[in-house]
Structure formats: structure tokens, C-alpha cells
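Q: Handing you a structure now.
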Amino acid sequence: MKELFTIGEIGRLFQMNIRTLRYYDQIGLLRPEKVDLKTGYRFYSTKQFERLNTIKYLRDLDVPIEKIIRFFENKDAENLMELLEEQREDIQLMKSRLDRIERKLERRITQLSDALSSKLYVIWEVNIPKRKIAFLRREIPLEEDLEYPIRELEQIRHLEPMMFLGKVGVSVAKENVVRQKLGHFSGIFVFLEQEDNYKGAEEYLQESLYVTVRYSGTHREAGESYRKLLQYMEEKQYECTGDSIEITLIDSGFTNDLEKYITEIQIPVKKKT
């Protein structure tokens, strides 16, 4: 019976890449039984098959190589049990993390798809339930770049760095909306999702009927859309009941084409009494 096998034969027998076997040799995980000093050829014995099978099994379970090396340094059934239980816990955490990422991806895809199919300059009336936010109340001039206030909000509210598509909004105070004084915002906020694992102070945007419109441009081009919304509100006998909300749906983070920027304005309203 053949007792020694070349590295190529081992690779074929165990369906492994030769480079992987060389790496295992290099780190001391699986040394060849014999090395020809003249040719440098590696030879493996049948006595190593069980070890290699164990390595393959543990790697298929995604056990890190460092842990496999430590296991072989003190090979024991109880140590194997501990290793497998640790890996099970790691996999459960990984699954939870991947599920969280998948939910965030699904939400971002839905939001981006909705933004890309926007009907611009069309006024809608929408009943929107209360929405949880992390809010930074401070006056922000219209001409100020919002990137710094976003980072400030992120740090003060201990938010994890995140993709802010459709999640960042600014507010214009109710009295300034009514008077059409749109030169500065009264605050900036981030919509909070369950996956954000946010533990800080929470606030809510009120549940309300909103009149909304989407337009091409950034917050700086909002003036005309506000005028149209206020005119619509007057015609419908609506009054403003709170601060307005502006959400940039597509901006420089997603396109270099200024004509593809999309912003939405939402104004909470009720019938005049």
C-alpha cells in the first residue's frame, strides 16, 4: 500500500489548492511527513489524513486558522467541544449582523428606487405616522454646507457612521415657513431605524397630514416649491401646524449630475377652523 503522497496528489485527493497546503506548511498547521532535500518536494503520509480531514472540517465551519492551530496544540474532545460552541456563538452573531445589513440594504434599495421614480413638482397630501429621529436643534444658515452639521449630529448623538440616503432631514421653523423666511434651518435630524441600535435621546416628528412636493435641486432651490405649497394650502384652507421637513433624496453622494438631485419638502397641516 502506498504510504507517501506528493503535494499534488494530496491536493487531488482532498480537493484542495496546492497553495493552501503550502501555506499550512508555512504556518505549522500541517507539515509534510518528508521533504526531499534535493528537489524540495513535499510528501505526506496516510497518518496525516485524519489531521487534514479535521482541518478541512473545521475550515468548512469557518473556524479561524489561529483557533485550529491552538486546538491541535492541545487536542482533546473537551477542547473541540469548546471550539465548536465558540464557533456556533460567532456564527449566530454573524447571522444577526448579516440579517441587519440585509434589512438596511432592502430599505436603501426601496428608498433609492422610489427617489429615482419621483414625480417632480406634483403636490401630494400624505398621512404620515410619527417618525423617530435623533435631532440637533441649532440655527444653520441656508448657505452652510450640511456635511459639518451632519458630523456634529453624529458625534453629539453617538450615531454610528451610516449611509444617510433618505435619512437626513433639516427643518424650517413653523413661523418662518408661514412668513416664507427660508434663509436658515432650525435644526437637522436623522431618521432612526431599528437596525441602527441607537441608544441616545430620541425625539419624534409628529403624526400628521402633510402636504409634500419633490423638486429637482438641493435645499437652496427650495423657495419656489415652498411658495407653491403655501399657495396650495391657502386654496385648500389648510394651516401649517409645525416645522417643515426637507429631505435630500439624491445629492452629490450619489450622482455628479446636478440635474438629478432630488429634494422633498413636507409641511404638516390641518384644516383651518
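Q: Quickly run through the stretch 36-71 and pick out the residues that are surrounded by 13 or more Cβ atoms within 10 Å (Cβ to Cβ) and farther than 29 Å from ASP90 by Cα.
A: Passing the criteria: TYR41, ARG42, PHE43, TYR44, SER45.
Q: GLU82 passes all but one of (1) surrounded by 11 or more Cβ atoms within 10 Å (Cβ to Cβ); (2) of a type in the set (D, E, K, R); (3) more than 23 Å from the chain's Cα centre (by Cα); (4) not in a helix (DSSP H, G or I); which number fails?
A: Condition not satisfied by GLU82: (4).
Q: Could you grab the pairs with beta carbons closer than 8 Å, sequence gap of 6+ or different chains, first residue in the stretch 59-85 and touching a residue at least 24 places away in the same chain (Cβ under 8 Å), second one in a loop (DSSP other than H, G, I, E, B)?
A: Cβ pairs passing all conditions: ILE65/LEU29; ILE68/LEU29; ILE69/GLY28; ILE69/LEU29; PHE72/LEU29; LEU83/VAL63.
Q: For the structure I just gave you, tell me whether LEU209 is closer than 26 Å to LYS132 by Cβ, part of a helix (DSSP H, G or I) and either at pLDDT below 90 or assigned by TED's automatic domain parsing to the domain that holds SER186 (or both).
A: No: the conditions fail for LEU209.
Q: Considering (1) of a type in the set (Lys, Arg); (2) touching a helix residue (DSSP H, G or I) at 6+ places or on another chain (Cβ under 8 Å); (3) not in a helix (DSSP H, G or I), say which one LYS75 fails and leave the rest.
A: Every listed condition holds for LYS75 apart from (2).
Q: Pick from ALA134, ALA201: which is of a type outside the set (Lys, Arg) and closer than 24 Å to GLN111 by Cβ?
A: Testing whether each residue is of a type outside the set (Lys, Arg) and closer than 24 Å to GLN111 by Cβ leaves just ALA134.
The values are calculated or read from the model by the stated rules, or taken from the named source; none is laboratory data. Note that the structure is predicted; figures quoted are calculated from it, not measured. Don't worry about glycine lacking a Cβ; one is built from the backbone with ideal geometry, like all the others, and counts go over all protein chains shown.
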